[in-house]
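This report concerns only the one structure given below.
The values are calculated or read from the model by the stated rules, or taken from the named source; none is laboratory data. Since the model is a prediction, treat every value here as computed from it, not as a measurement. Neighbour counts are summed over all protein chains in view; Cβ atoms, including those assigned to glycine, are modelled from backbone coordinates with ideal geometry.
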Amino acid sequence: MKSKTGIFLALGCNKGKCKKVFQNVINEFNSSDINIIAKSNIYLTEPLGYHNQDDFLNIIIKIESEFKPMALLKYIKEVEIRIGREKTFKWGPRLIDIDIIIYNDIILKNDELIIPHKELSKRYFWLFMLDEIQPDMIIPGLNKRPIVIIKENELHQRMKKY
């Protein structure tokens, strides 16, 4: 049975020409076994965790792929390196960060990967963008639509369409 959810990746950037970085990621995906189904708008958001840095540009893309979750994670990390990501400190500035936030209806937790992403229910901008792309989605494990989680948790964050 085909999943009603889909695979969703979050892309974030606050160094360099972020729109070009996002396009480079999309080009990498298009030249592989990843088919991009939908994209949210790009939003400018304030940084989380470490605040003494530039705001981030963020976008969520919905994809189709034959990659299983761990293989997709490995591939994404390779793409980040090809695009130019360098190791920094936790929550620090970065050229590109790609997170698997939802992978169909799978719930997965191991040392390398947690799906749905462990921060999903706390990140207003991700929930907002998920609702933008697929408002009827029920998030696996949380069993709620993104907009319901936003309202129930009274989540808010300064963000604007870029």
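For segment 35-46, the tally of residues that are over 22 Å from residue 134 (Cβ atoms) and in contact with a Gly (Cβ under 9 Å, 6 or more places away or on another chain) stands at 0.
Counting the residues of segment 1-44 that are in a strand (DSSP E or B) and without any contact (Cβ under 8 Å) to a residue 60 or more places away in the chain gives 4. One residue stands out among those in segment 56-105 that are part of a helix (DSSP H, G or I) and acidic (Asp, Glu): the one that is surrounded by the most Cβ atoms within 10 Å (Cβ to Cβ), which is 80. Looking at residue 22, is it in contact with a helix residue (DSSP H, G or I) (Cβ under 8 Å, 6 or more places away or on another chain), at pLDDT 95 or above, surrounded by 14 or more Cβ atoms within 10 Å (Cβ to Cβ) and under 22 Å from residue 130 (Cβ atoms)? The answer is no for residue 22.
Just a yes or no: is a residue in segment 131-140 farther than 17 Å from residue 18 by Cα and free of Cβ contacts under 8 Å to residues at least 12 places away in the same chain? Working first, answer last.
Let us first name the residues in segment 131-140 that are farther than 17 Å from residue 18 by Cα, namely 131-140.
Still in the list and also free of Cβ contacts under 8 Å to residues at least 12 places away in the same chain: 136.
Yes; the residues of segment 131-140 include at least one that is farther than 17 Å from residue 18 by Cα and free of Cβ contacts under 8 Å to residues at least 12 places away in the same chain.
Consider only pairs whose beta carbons are under 7 Å apart and that are at least six residues apart or on different chains; among these, list those whose first residue lies in segment 142-162 and is part of a strand (DSSP E or B) and whose second residue is surrounded by fewer than 16 Cβ atoms within 10 Å (Cβ to Cβ). Close Cβ pairs (under 7 Å, with a partner that is surrounded by fewer than 16 Cβ atoms within 10 Å (Cβ to Cβ)) amount to 144/138; 161/41.
Whether a residue is part of a loop (DSSP other than H, G, I, E, B), among the polar types (S, T, N, Q), free of Cβ contacts under 8 Å to residues at least 24 places away in the same chain and surrounded by fewer than 14 Cβ atoms within 10 Å (Cβ to Cβ) was assessed, and residue 52 passes this test.
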